[in-house]
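Novice: Next up is a structure, given as C-alpha cells.
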Amino acid sequence: MYLFKKTKFSLLNDAIQNPKNCKKLSLIFIKHNLKHEGAIFSKLVNLKVLEIQADPIIYDLDDFELPEEIANLKKLKKISLLNLPFQTFPQWTTNIKSLKYLMIRGNKISSIPDSICQLHNLKTLRIENCKLNKLPTTLSQMQNLRILGLSDTDLIDLSPELFPNNLKEINLSGRQKYELHELENLKNTMKKTKI
C-alpha cells in the first residue's frame, strides 16, 4: 500500500499541521492581515510555491503586510501576490535568492527597489495593475530575467537602457501613460524582444 503525503495546502492552519510537507500554499480570498503570522511561515521550510490573493473586504487596509520571515524560506521558487493592499513594494522579497517567478499584482505600489537586482535566478517578474511609475536603474542588471510584465501601470519612461537586453518578452498592455514614440523606440532597440 502506498501512502501519499499531502504537499499542497489552501489553509495556513492545515499547512502548520505538517509544515515540512508543505510545498505549495495557496491562500485564496484572505480576509485578514498576515503580518503577525511569521512564526507559522518560518516553519514551512520546504515551501516552493506561495500564492496569496486578497478578499475584496481587505482592499482598503492601510497597514497590510506579509511577514518578513517568508524571506528565510530557502526553497521558495514562485510567489504570486494578487490584490493585496500593499502601499509599498515588499522589500523582503528581494532577499529570496532561490526565487524564479515573482508576481505582485493589484496594489498601490509606485516603485520597485533597486535591490530587485539581487534576485539573480529570477526568470519572470510581473509587477502589474498598480501605480508603478518608474523602473529601478538596476533592472538592466538582471541578465537571467526573460519575462517582464508591466501591464496596467503608470510607467512613463521606457528608455531601452532600463531593460535587460536579453528579455524575451515585455508586456506593457492595459493603460498607457507613456508616449507612443517611447514604445516605438523600445521596439526598435530591442528587436529580439516581444513587446
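Values quoted throughout were computed directly from the atomic coordinates according to the rules given, and no laboratory measurement underlies them. What you see is a predicted model; the values in this text were computed from it and never measured. As a convention, Cβ positions derive from the backbone with ideal geometry for all residues, glycine included, and neighbour counts pool all protein chains shown.
Novice: Can you give the calculated 222 nm mean residue ellipticity of the chain, where each DSSP H run of n ≥ 4 adds -39,500 (n - 2.57) and the sum is split over every residue, rounded to the nearest 500 deg cm²/dmol?
Specialist: That comes out to -2000 deg cm²/dmol.
Novice: Suppose we keep just the alpha-carbon trace of segment 87-131; what are its Rg and Dmax in angstrom?
Specialist: Over segment 87-131's Cα set, Rg and Dmax evaluate to 10.1, 27 Å.
Novice: Any idea what the relative contact order of the chain is, in percent, if you count C-alpha pairs under 8 Å spaced at least 6 apart?
Specialist: Contact order relative to length: 12 percent.
Novice: I've got another one for you. Of K6/K131; K23/K187; K31/K177; K78/K192, which ones are farther than 30 Å apart at the Cα?
Specialist: Result: K6/K131; K23/K187; K31/K177 exceed 30 Å.
Novice: A follow-up question, please. Select from I70, I109, I30 the residue whose mean-square fluctuation is largest in a Gaussian network model of the chain (Cα-Cα springs shorter than 10 Å).
Specialist: Fluctuation is largest for I30.
Novice: Please list, in chain and number order, the residues 5+ apart from N171 or on another chain whose amide H is under 5 Å from its amide H, with Hs placed from the backbone.
Specialist: L148, G149, L150
Novice: For segment 126-131, what does the Karplus curve 6.51 cos²θ - 1.76 cosθ + 1.60, with θ = phi - 60°, yield as ³J(HN,Hα) per residue in whole Hz, taken in order and with x for Gly and Pro?
Specialist: These are the phi-based 3J(HN,Hα) values: 10, 10, 9, 6, 8, 8 Hz.
Novice: I'd like the projected area of segment 57-137, averaged over all directions, using the convex hull of its alpha carbons. Report it in nm² with one decimal.
Specialist: So the Cα hull casts an average projection of 5.1 nm².
Novice: H120 versus I156, label points 7 Å from Cα toward the beta carbon: distance in nm?
Specialist: Distance between label points: 3.6 nm.
Novice: So what are the ³J(HN,Hα) numbers for segment 154-159, from phi and the Karplus equation (6.51, -1.76, 1.60; θ = phi - 60°), rounded to whole Hz, Gly and Pro as x?
Specialist: Residue by residue, segment 154-159 yields 9, 4, 10, 8, 10, 4 Hz.
Novice: Given the Cα-Cα distance of K5 and K35 and 0.36 nm per residue of separation, how much length would full extension add, in nm?
Specialist: Taking K5 through K35 to full extension adds about 7.9 nm, to one decimal.
Novice: Moving on to the next point. Give me the three principal axis extents of the chain from the C-alpha atoms, as integers in angstrom, largest value leading.
Specialist: 60, 39, 28
Novice: So what J values fall out for segment 34-45 if you push phi through Karplus, 6.51 cos²θ - 1.76 cosθ + 1.60 with θ = phi - 60°, rounded to Hz, Gly and Pro as x?
Specialist: Coupling constants for segment 34-45: 9, 4, 9, 9, x, 4, 5, 4, 5, 7, 8, 5 Hz.
Novice: Lys/Arg Cβ at +1, Asp/Glu Cβ at -1, dipole of segment 46-195 taken about the Cα centre: which of I170, L132, S110 is farthest positive-ward?
Specialist: Result: I170, furthest along the dipole toward the positive end.
Novice: Could I ask something else about it? Rg and Dmax of segment 138-179, Cα atoms, in Å?
Specialist: Computed over the Cα atoms of segment 138-179, radius of gyration and Dmax are 10.4, 28 Å.
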